[in-house]
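First the structure, in the form of structure tokens, and then the observations on it.
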Amino acid sequence: MISWLKKFLGNPQSDVENEPEESSNEQPTSDDESNQNRAWIGVDLDGTLAKYSSWKGIEHVGKPIPLMQKRVMQWIEAGHKVKILTARASIPEGIPPIQKWLKENGFPNLEITCQKDFQMIELWDDRAIQVVRNTGKPVIRPSMTSNPQAPLFKDESDGETFEFVPTRNS
């Protein structure tokens, strides 16, 4: 799993951790420009990185979810760029409470956004439904939490319109 993630996230020509990435002849003019052009992992806030049960206002962010906190910190320590991708960032007053929460919970100053771009390689989100690339088929797993909330087609059929991924117990 770790080797797959390393390969997926970049630097496939090397098995050496933290080896500098090869770059083109064009040199970025600043660290900010270089950072903007890096691949990044999007992590949702509410329900993914922070506990969420109901909306309690723009200032309230739940406690960190330990497993995701550890995962995000390991990605950052391994040199991967992580952004908080949240609807809260769609209004300017939504960002300062997240910045404060990140600092209070030991995270570095991560970029906070509500937009995907071409450098986003993956999104971790409690509301997302995975879709098989270029097919429109949702990946269905036999779990109450992974089934889509949006209605499926009346004539949905396994293999034609969705991918069924059984669990080990199925």
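Output the residue which, of all residues in segment 64-73 that are in a helix (DSSP H, G or I) and hydrophobic (A, V, I, L, M, F, W, C), is surrounded by the most Cβ atoms within 10 Å (Cβ to Cβ).
Restricting attention to segment 64-73, the residues satisfying the condition of being in a helix (DSSP H, G or I) are 66-73.
In the following step, the residues that additionally are hydrophobic (A, V, I, L, M, F, W, C) were identified as 67-68, 72-73.
On the way: LEU67: 9, MET68: 17, VAL72: 24, MET73: 15.
The extreme case among them is VAL72.
Return the pair list, or none, for Cβ contacts closer than 9 Å from residues in segment 40-69 that are in the same structural domain as LYS83 (by TED's automatic domain parsing) and of a type in the set (Ser, Thr, Tyr) to residues that are surrounded by 13 or more Cβ atoms within 10 Å (Cβ to Cβ) and part of a strand (DSSP E or B), at least 6 apart or on different chains.
Listed by first residue and then by second, the contacts come to THR48/TRP124; TYR52/ASP46.
In segment 74-87, is there at least one residue being modelled with pLDDT of 95 or more and of a type in the set (Gly, Ala, Ser)?
Yes, segment 74-87 has at least one match.
Do the conditions hold for ILE76, that is, is it touching a strand residue (DSSP E or B) at 6+ places or on another chain (Cβ under 7 Å), free of Cβ contacts under 8 Å to residues at least 24 places away in the same chain and either surrounded by fewer than 19 Cβ atoms within 10 Å (Cβ to Cβ) or farther than 16 Å from ASP125 by Cβ (or both)?
For ILE76, the condition - touching a strand residue (DSSP E or B) at 6+ places or on another chain (Cβ under 7 Å), free of Cβ contacts under 8 Å to residues at least 24 places away in the same chain and either surrounded by fewer than 19 Cβ atoms within 10 Å (Cβ to Cβ) or farther than 16 Å from ASP125 by Cβ (or both) - is not met.
The values are calculated or read from the model by the stated rules, or taken from the named source; none is laboratory data. On a predicted model such as this, the values are computed, not experimentally measured, just so you know. In this analysis, Cβ positions are derived from the backbone assuming ideal geometry, glycine residues included, and neighbour counts consider all displayed protein chains.
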